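The values are calculated or read from the model by the stated rules, or taken from the named source; none is laboratory data. All values derive from a computational prediction rather than experimental measurement. Positions of Cβ are generated from backbone atoms using ideal geometry, with glycine treated the same way; all protein chains shown enter the neighbour counts. To get the accessible areas, we keep the full protein, side chains included, count just its heavy atoms, and leave off ligands, DNA and RNA. Shrake-Rupley method; radii C 1.70, N 1.55, O 1.52, S 1.80 Å.
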Amino acid sequence: MRSTSDRFPENAARALGDPTLRAALSRLQQDTRVGRPAILDRLPEFNAIRDAASDIRTHGLDHLDVHLEIFERNVQENGGHVHWCRTGDDACAAIHEICRARGAKLIVKGKSMVSEEIALNDYLLAQDLEVVETDLGEYILQLRGETPSHVVMPAIHLTQDGVSQTFRDHHDDLDAGRDLDEARNLTDEARDKLRGKFLAADIGITGANFLVAETGTAVIVTNEGNGDLTQTLPPVHIVLASIEKIIPTITDALSLIRVLARSATGQEITCYTTFATGPRRDGDLDGPEEFHVVLLDNGRADLLGGEFRDILRCIRCGACQSVCPVYGAIGGHAYGWVYGGPIGAVLTPAFIGLEGARDLPEASSLCGACADVCPVKIPIPDLLRRWRRRSHGQKLSPPRARWGLALWAWFASRPELYRPAARIAMAILHWAGGRQGRLHRLPFARGWTVSRDFPAPEGGTFMDQWRAK
Amino acid sequence: MTTARDDILNRIRRANGGIDRKNAPTSHPVPARALGDHAVLVGRFIDMAREAAAGISRVNHRSDIPMAISAFLAAENLAGEIRISPDPRLETLPWESAPDLSVSAGRARADDPVSVTPAFAGIAETGTLMVHSGPDTPNTLHFLPETHIALLSTEAIVGGYEDAWARLRARFERLPRSVTLITGPSRSSDIERKVQIGVHGPRRLHIVLIDGEEI
Amino acid sequence: MTPVSTHPASPTVGLFVTCLVDLFRPSVGFASVALLEAAGCRIVVPPAQTCCGQPAYNAGASETAAELARNVIVSFENCDYVVAPSGSCAAMIRLHYPRLFRDDPQMKFRADAVSRKCWELVSFLVDEMHFEGLLNDFDGDVTYHDGCSGLRELGIRDQPRDLMGKIAGLDLRELSAPDVCCGFGGAFCVKYPQISQAMADNKIDDITATGADTVLAGDLGCLMQIAGRLQRRGSPVRVRHIAEVLAGMTDHPAIGETKES
C-alpha cells in the first residue's frame, strides 16, 4: 500500500475537519469506555491471564525458529503446503501461482491485515483475477476503494448513510425502491450479494490470528461466519500469515483467545473461533482439497533482532486504537499506512522507513492508555520514545524544535545563568499578561496560542522567593 | 542460493542468538467461572449461551429431539425442511414422530434452510459449543444454512475451553481437520457499531439440550 | 514485634519544585511546602535544580536528558526524599532516570537511589506520611483531572480524592472520563496543536458537564493546557493545582487570572 504517512499533519487536519468522522470516533471511544470495564469486571482473572498471554507471546518469539519448523512439519504431515516468503511481492507471487495452477478465476477473502500490508488485492486484480472481500466492513471498503481505518472495525469511519449510498452506487441490480435505511437491510444486502461468491469461488484466502506449531493449525477468530465459509467452501484454502503469528500450543491459543475478543470488541469470545488443520480428509464430504500456508516475513525477522522486538507480540486486537485519544481525534487513515493508532505509530516507521513516517511516533502525548489496555503488555510509549531517539539522532525533526530544545537544555544545565534568564523572561511575560493574567498571542509560541490562551506567570520565580524568605 | 526458508530462519536465529530465551509459561490461568460441579456448569452454560443470543430447548430423552425441533421451527415460523449430519446418532432418531419435518442427510447445500448437527461439547465459561469436521459431521452444516440447530447432551457440558479440548483429545487420536468454537449466531457491528445478528453464517443458533442421555 | 518506621520522624524532604511551578506558579511551591511541613517534614530546596529533563527525554534527546538528570541526582541525593508537585516529573525521576544510565554503572547506582526515594507530592503525603489534611475548608464544587503519568506510571488515583474528601465544603463532581489525556503531552501540544486542541475540547466538555466551578489536577502542564483552552473558549471555570486547595491557599487568583480579571 502506498503511504501518505509523510503528510500526517495534513491528513490529521483533514480528519479533524470531518464532523462525520469525529462523531463516529467519539461513539467508538464512548462505547469502549463503557464496554471495556463491563466485560472485564466479569472476568476477575483478566490480569493474570493477560500476564500469561504476554509470556506466551514472548516465549513464542524467543523460540520462533524452532516453532516455525515444527509448524511447517505438522502442516506438511497433515497434507498441507508451506510457502516461505521474504517480501510482500514474494507472497503475492506465491498466492498467484497457487491460483494459476488451479486455473482459478474467483477468490473470496476473509479479513487479513497482512494482505493490506502487501497490497494483495491490487496484485491479484492486476492478474485478471476477481477478488472479493467478504467481511462486511472490508466488503464495503473494497467497493469504495478505501482501506481499513481500524484493525478490527475496518469501516468504523463510515456512517450507515454512507454505506447505503455505496451499495446504491455499486450494486447495479439493486431495486431503486429497496429500503436501505436500516443497518439490518444493509447487512442483508451484503449477505445476499456475497452468498453466490462463496459458492462459486475457486480459492478462499484467510488470514490467521494464530498459527499453532504443535498441530500445524491456523486459527481464525471471527464473528460474521465469512471466514469459515471462505475456508470451507472453495476447493483451495490459502492462509496468509506473518511469521510472528506462531504460538507453541493449542493451550496457548486458548489463553490468548480469552484476552483477544475482550480487548478487541468487548465480547467474551467471538462467535466463531476455528482451528483449521490441513485439507479435507478421507471420507470428508466438504472442506478444501488443498491447504496452503503462506508465511510472510516482510522485515519481521529483522525487527526481532532490534529494539522494537516487543511489538511482535501484538495480536492485532485494536484495543490501543480504540482507547487512544489521538486516534480518537483523527482516526486511522490519518496515519497514512495500513496500521493506524499507537500500534501503527510503532509499526509504520519499521515498514516504510522512519523518514516517511517521522510524525507518527511524535504525534502522541505518551499518555500510556495504549500500554494500559494492551493484552500482551507491549510498552508502546517506550517504543515510541525509541523512534523519537532515532529521529533525533538522524536529525529528522524540524531544526527549530531541535534548537529550541538545545537552547533550553543549555540554560537548564547552567543554573547560574538559568536563574537570571528565567527571572527576566518571567517578568516580561507577567507584565505582558496584564490585568487579564493571560496572553492571546505570543511570539515563538503560536503552536500554543493558536487555540489556547497562555496563562501568564504569577510573577517572581519560586526559587527567588524561597531564597528571599 | 539460500532459499527464502533458510534465509528467514537464519535471520531469526541470529536475532534470537544473543538473548536469554524465556521458558514456556508455567501456568495458563483458568477463570473461576470455568469451574464448579456439573449442575452448576450446566446452568452457567445455558445462561451464557442465551446471553450470546442462542436459543435453548431441553428434552429428557433423545427420542424427544424431533418434536423439540419441530416445535422450535413452528415457533419461529420456519418450514420443516431440515438437513442433518450423516451421523448414525442423528439418522436413528425417531423422525417419524415429527411428521411435519422433512429430513435429509449430507453436507449442506446452497439453499438448505435448516441444519441439525451434533455438538461435540458445550463450554460453560462462555456458553460456547465445540463442533468439528469429519465424515459424519460435514463442516458446511455449521455455517451455511440460515438456521443451525445443535444437539448437545448435558453430559458433554464442561467448564472451560481446556476441558473441551481434553475431551477432544481423548476422543480422537488425530485432531479433526477443523474444530470450531461457536458462541451464538453470526453477527457484525461493522455498520455504526450496531450489532446485527445474522450475517454470512447462521441467523439463528438453537441448542437442543438432552438431559443426562447421549444424543 | 514493633513495626519499624520506614522513615525518620521528621524526614528531610528535598522539594523538586519543577520548572513550570518555579517559573509560572510559585504559589504551588509554597503550598507544597506548607503541606509537607504540616505533615512533619523538614524542607530543603536544593538551589541548583532546574528541569528534570523530561522534555529532552521525550524528544529522543537522551544524552541531554541524562545531563539534566545528573544535575537533579547530584542536587538531591543527600535528602531522605525527593518530592515534586507533579506526577509527570516524579515519574520521570522514579521510572526513567535509571534507564538513562544503563551504560554507566556508577551513575546508575546513584540514579536508582534517587529514584527509590522520589515521590509525587499528594501520594507522598497520603501513602508515606499518612497525612490527614489541614482541616481547612473550601467553598465550591470542584472536579479533578488525573494526569496521565501520575495515574498510569505512579498509580495515583485515590490519594488526591482521599485528601479532597477531608476538606469541608468541597464537593467533588467526578468527570465522566477523568483518566483521559487532556492533550498536553509536553511538546506534543505545540507540535500538533490541532490534535491537542481536539483532546482539550473533549476534556473541557467533560469539565463543563460536571457543573463544577473549579477544576483541579496535580500537574501544572495539564492545568495550563486546560486553563488556556477553557479561557480561550470564554469559560468562567477556575483552574488550580490541587496543592493550593489542600493547603487552603486559594485567596490568590487562579491560573491565567489576576485579581482584576
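Observations, loosely collected:
- The range C:70-95 and the range C:114-137: distance between their alpha carbon centers, rounded to Å: 14
- The peptide list C:110-116, A:387-393, put in order of mean Cβ contacts within 10 Å with the highest first, becomes A:387-393, C:110-116.
- Our note on the geometry: Cα centres of the range A:280-334 and the range A:151-177, 26 Å apart.
- Placing dummy labels 7 Å off each Cα toward the beta-carbon, the span from A:Glu355 to B:Arg58 is 7.0 nm.
- Annotation for B:Asp7 and B:Ala39: the two label points, set 7 Å from Cα along the Cα-Cβ direction, are 6.5 nm apart.
- Integer Hz, Karplus 6.51/-1.76/1.60 couplings in order for the range B:84-96, x for Gly and Pro: 10, 4, x, 10, x, 5, 7, 5, 8, 5, x, 4, 5
- For chain A, with all protein chains in place and a probe radius of 1.4 Å, 52% of the accessible heavy-atom surface sits on carbon or sulfur.
- The residues packed around A:Gly88, meaning those with a beta-carbon under 12 Å from its beta-carbon, carry a net charge of -4 if Lys and Arg are +1 and Asp and Glu are -1.
- Burial here means at least 30 square angstrom less accessible surface with every protein chain in place than with the chain by itself, probed at 1.4 Å; in the range A:84-104 the buried residues are A:Trp84, A:Arg86.
- Taking B:Gly80, B:Gly134, B:Gly18 as the candidate residues, the one with maximal mean-square fluctuation in a Gaussian network model of chain B, Cα springs under 10 Å, is B:Gly18.
- Net dipole in debye of the range C:12-127 [+1 Lys, Arg Cβ; -1 Asp, Glu Cβ; about Cα centre; nearest 20]: 100
- At an R0 of 41 angstrom, the distance between the Cβ atoms of C:Asp179 and A:Arg390 translates into a FRET efficiency of 0.85.
- Chains B and A together bury some 7500 Å² of accessible area, summed over both sides, with a 1.4 Å probe.
- Cut-off 15 Å, label 7 Å out along Cα→Cβ of B:Ala110, residues of the range A:201-233 by amide N: A:201-202, A:233
- Residue by residue along A:149-161, Cβ atoms of other protein chains within 10 Å of the local Cβ number 2 on average.
- Peptide-level mean, for A:273-280, of C-beta atoms on other protein chains within 10 Å: 6
- Summing +1 for each Lys or Arg and -1 for each Asp or Glu among the other residues whose beta-carbon sits under 13 angstrom from that of A:Cys374 gives +4.
- Orphan Cys of chain A, criterion: no other Cys C-beta under 4.7 Å: A:Cys85, A:Cys92, A:Cys99, A:Cys271, A:Cys314, A:Cys317, A:Cys324, A:Cys374
- Value of Rg/Rh across the range B:32-210 [Cα atoms, Kirkwood radius]: 0.95
- Taking a ≥ b ≥ c as the square roots of the eigenvalues of the alpha-carbon gyration tensor, the range A:399-468 is classed oblate because a/c is 1.5 or more while a/b is no larger than b/c.
- Stretched out straight at 0.36 nm per residue, the stretch from A:Ser3 to A:Trp431 would grow longer than its current Cα-Cα span by 149.3 nm.
- Probe 1.4 Å, accessible area per residue of the protein assembly as shown, Å²: 37
- Remark on the range A:396-410: accessible area falls by at least 20 square angstrom from chain-alone to full-complex state for A:Leu405, A:Trp408, A:Ala409, probe 1.4 angstrom.
- Charged neighbours of C:Ile255, selected by a Cβ distance under 10 Å, balance to +1 (K, R count +1; D, E count -1).
- Top positive-direction residue, dipole computed over the protein assembly as shown with Cβ charges, set A:Gly266, C:Ser75, B:Ser57: C:Ser75
- Mean separation of Cα contacts under 8 Å (6+ apart) over length of chain C, as relative contact order %: 18
- Peptides B:137-148, C:146-157 ordered by average Cβ neighbours within 10 Å, highest first: B:137-148, C:146-157
- Average beta carbon contacts from partner chains per residue of A:411-423, 10 Å cutoff: 4
- Accessible area buried by the pairing of A and C, both sides summed with a 1.4 Å probe, works out to roughly 5500 Å².
- Net charge dipole, chain A: roughly 3140 debye, given to the nearest 20, about the Cα centre with Cβ charges of +1 for Lys and Arg and -1 for Asp and Glu.
- Model label points for B:Ala24 and C:Arg233, set 7 angstrom from Cα along the Cα-to-Cβ axis, are 5.4 nm apart.
- Helical segments meeting 27 Å axial Cα length and Kyte-Doolittle -1.0 threshold in chain A (DSSP H): A:19-41
- Top positive-direction residue, dipole computed over the range C:133-246 with Cβ charges, set C:Phe188, C:Ala212, C:Val142: C:Phe188
- What a 1.4 Å probe finds exposed on chain C is 50% carbon and sulfur by accessible area, rounded to a whole percent.
- Cα centroid separation, the range B:142-215 to the range C:154-224 (Å): 46
- Surface share of carbon and sulfur [accessible, 1.4 angstrom probe, percent] for chain B: 50
- Residues in the range A:281-308 that, when all protein chains are in place, have 40 Å² or more less accessible area than the chain alone would give (probe 1.4 Å): A:Arg281, A:Asp284, A:Leu285, A:Asp286, A:Ala301
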